[in-house]
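**Q** Starting off with a structure, shown below.
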Amino acid sequence: MPLSHSRIRTFEEYQDAYQRSIDNPEQFWADVAEPFTWRRKWNTVLKADMVNGHNEWFGGAKLNITENCLDRHLATRGNKLALIWEPNDPKTRQIRYTYRELHQQVCQFANVLLNNGVEKGDRVCLYMPMIPQLAIAVLACARIGAVHSVIFAGFSSTAIADRVNDAQATVVLTSDGLNRGPKQIPVKRVVDEALEHCPSVRRVIVVEHLGWPVHMQEGRDVWYHQEAEEAAKTCPAEEMDAEDLLFILYTSGSTGKPKGVVHTTAGYMVWADYTFRNVFQVEENDIYWCTADIGWVTGHSYLLYGPLLNGASTLMFEGVPTYPDAGRFWEVIDKHGVTVFYTAPTAIRSLMATPLDNVLSYSLDSLRILGSVGEPINEEAWYWYYTHVGKERCPVIDTWWQTETGGVMISALAGVSPTKPAHAGQPLPGVQPVLLTQEGQEIEGNDQEGYLAIKQPWPGIIRTTYGDHDRAKQTYFGPYPGYYFTGDGARRDENGLYRIIGRVDDVINVSGHRFGTAEIENAINQNANVVESAVVGYPHDVKGQGIYAFVICRAGACDSDADKPHVEASIIETVVAEIGKIAKPDKIQLVSGLPKTRSGKIMRRILRKVAEGETSNIGDVTTLLDPAVVDEIINGRK
Ligand code: 6R9
């Protein structure tokens, strides 16, 4: 498919496409979907149900997404670079695969999966470093119709076990170890611990990366490189139904347990493809780099599927922005001639805090477009990115979307639509955002603020939460029947550009990663010293939001000040073990009580104010059971 198909090039074309997508969505998406490789075309473009959340796209169509990512490009782009891999250590070897080579690698991995008994519909969990085999393995699952569920390789063994069990995965793919900056982490060992609690898993396929010795469980564990020796480099793609599951990706919500967001084959494909092409305005010779890990949705849609569907060259980076020094991103851009760069505000803020020379000593001449994702980008970070990275020549696009939306929903199209610092901008074709009052009334007109919801399904809309449709229905379609509820608050400015304010539910966004306050509280409460806890977010210079935990200890656990550091350290250890380092509280305050109403509800509003340092303006506390506890909490603030 040429990159020019259904490609918007001017603002007038955007307005026209937007109008057509709203007036006649079925015609619009049928046109967009036309040039893909279909084994069979659809019977109906859309069956919408925004009350129960049963939305279906391209019903009756048959396809395989990897034929669209790979096979379709072989005739015209066989020798074009598909995947460029930059290792953690800049002195070690890069890896580059053309479309033809990537196709072979995916087929070979697919055969290894087949030889190990993986069947269409089986769930395969991946807990792997950012190495080419992760990208290849994801596509190999899709090739044979297995459902991939990638677990970010920073989660703990308990978190892995929860996800593997929820998905009832039969096979886990992992590696001996991983590099993260100066550290090496024994990934296989973490998986081994997890699998002690996962009876559904019968096979573990281990990719050699660090060359570390690992324990291989007889009858369960096999090495990928040994299995690959007998595996052919061709593998016919399994024919999938449009609505067959493509992947599950776990994400946190306001309740305790992360949910498995489900995306299906055809709608996700069309959405990832269309949004990638139009948001990033990618051209044939671009070198595109998305810094997200494949363990998050951004890595799925905009490192892997979106770029490959478009026949683009996508760069995958194993390392971190600060290793071996804080110039690494810029070094990689110069080294590979990156033209389109997509990263997160937290990375920008952490680099902004280092000497400017780290960025000024690189040319960055190749860059043409800059993107941001994951959390609101503050104006200071936006200007730094625009000025020092983009040299005031590259549009900065702020892309708002979610795991559940599959792809970008609100964003400027690079160089096509207006940008405004800290504003995501306008909706993509097919997306109808509305602002609602708390009661669910649509707020008309501009210069307004409200709860952000979406009217009408788009092709990438979440289909269900794995194994529990009611949960999806309640979370996303229940709060305001007829709308998809995002959980975010937003403002529409005087020109109709959207600015995302942040979550309106009990979700904290730490460095672009979502955690439910209840999820972190559950983890803290596992600690033997703890009776009860309450977690809130507070503004953090680098992470966007930090995690502030108020904790009540068991009597006798920390009676003296000398006990406190030990108890706090043990609470941190518990969170790391239950969820992973990424959910570590930044501040822990040990308290004797929490501000509760007479009905026993924790007044988080008060805790948020304390965490934010707004203690002079705490508001009404008269409805509390024990107002004195508020003074204690204010005085003990960290
Ligand atoms: C893609 C991704 C989704 C939540 C979302 C919102 C926040 C993402 C944003 C943004 C402001 C942006 N978010 N992009 N907020 N501006 N450009 O990040 O998915 O991990 O599911 O997080 O992230 O709060 O609701 P996910």
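The values are calculated or read from the model by the stated rules, or taken from the named source; none is laboratory data. Everything numeric in this text was worked out from a predicted model, so none of it was measured. Cβ atoms come from the backbone with ideal geometry, glycine included; neighbour counts cover every protein chain shown. What goes into the accessible areas is simple: the full protein's heavy atoms, side chains included, and nothing from ligands, DNA or RNA. Shrake-Rupley method; radii C 1.70, N 1.55, O 1.52, S 1.80 Å.
**Q** What size of dipole, in debye to the nearest 20, comes out for the chain about its Cα centre when the only charges are +1 on Lys and Arg C-beta atoms and -1 on Asp and Glu C-beta atoms?
**A** 500
**Q** Given the peptides 492-499, 334-341, arrange them by the average over their residues of other C-beta atoms within 10 Å, most packed first.
**A** Packing order, densest peptide first, comes out as 334-341, 492-499.
**Q** Taking +1 at the Cβ of each Lys and Arg and -1 at the Cβ of each Asp and Glu, which of 78, 376, 263 sits farthest along the dipole of the chain towards its positive end, judged by Cα position relative to the Cα centre?
**A** Positive-most Cα among the choices belongs to 78.
**Q** How many angstrom separate the Cα center of segment 436-483 from the Cα center of segment 65-86?
**A** 36
**Q** Over the chain, what is the relative contact order in percent, taking alpha-carbon pairs closer than 8 angstrom and at least six residues apart?
**A** Result for the chain is 13 percent.
**Q** Rounded, prolate or oblate for segment 511-635? Axes are the square roots of the Cα gyration tensor eigenvalues, ordered a ≥ b ≥ c, and the cut-off for rounded is a/c under 1.5.
**A** It is oblate, given that a/c is not under 1.5 and a/b is not larger than b/c.
**Q** How would segment 34-145 be classified by its alpha-carbon gyration tensor: rounded, prolate or oblate, with rounded meaning a/c under 1.5 and the a/b versus b/c comparison settling the rest?
**A** Verdict is prolate for segment 34-145.
**Q** Something else now. Would you be so kind as to identify which of 523, 513, 571 lies farthest towards the positive end of the dipole of segment 511-635, taking Lys and Arg as +1 and Asp and Glu as -1 on Cβ and the Cα centre as origin?
**A** Of the options given, the answer is 513.
**Q** I would also like to ask the following. Please provide three numbers in whole Å: the alpha-carbon extents of the chain along the principal axes, with the largest listed first.
**A** Sorted from largest, the Cα extents of the chain read 74, 64, 53 Å.
**Q** While we're here: Could you order the peptides 423-436, 89-102 from most to least packed, using the average number of other C-beta atoms within 10 Å per residue?
**A** My ranking of the peptides, most packed first, is 423-436, 89-102.
**Q** List the aspartates and glutamates whose Cα lies under 13 Å from the Cα of residue 543, skipping any in the same chain that are fewer than 8 positions away.
**A** Hits, sequence-local ones excluded: 375, 586.
**Q** In square angstrom, what is the accessible area per residue of the chain with a 1.4 angstrom probe?
**A** Dividing the accessible area of the chain by its residue count gives 37 Å².
**Q** Based on the mean of other beta carbon atoms within 10 Å per residue, what is the order of 219-230, 158-169, most packed first?
**A** Going by the mean number of other Cβ atoms within 10 Å, highest first, we get 158-169, 219-230.
**Q** Percent of accessible area on the chain owned by carbon and sulfur, 1.4 Å probe?
**A** Solvent-exposed carbon and sulfur of the chain make up 47 percent of the total.
**Q** Report for the chain the percent antiparallel among DSSP-assigned beta bridges with both residues inside it, nearest 5.
**A** In the chain, approximately 60 percent of DSSP beta bridges are antiparallel ones.
**Q** So what's the net charge close to residue 319: Lys and Arg +1, Asp and Glu -1, counting the other residues with Cβ under 9 Å from its Cβ?
**A** Once positives and negatives cancel, what remains is -1.
**Q** With Cβ to Cβ distances under 12 Å as the rule, what net charge do the other residues near residue 448 carry (K, R +1; D, E -1)?
**A** -3
**Q** While we're looking at this one, here's another question. To the nearest µm²/s, what D does Stokes-Einstein give for segment 65-217 at 37 °C and 0.692 mPa s, using the Kirkwood radius over alpha carbon pairs as Rh?
**A** For these conditions, the coefficient is 204 µm²/s.
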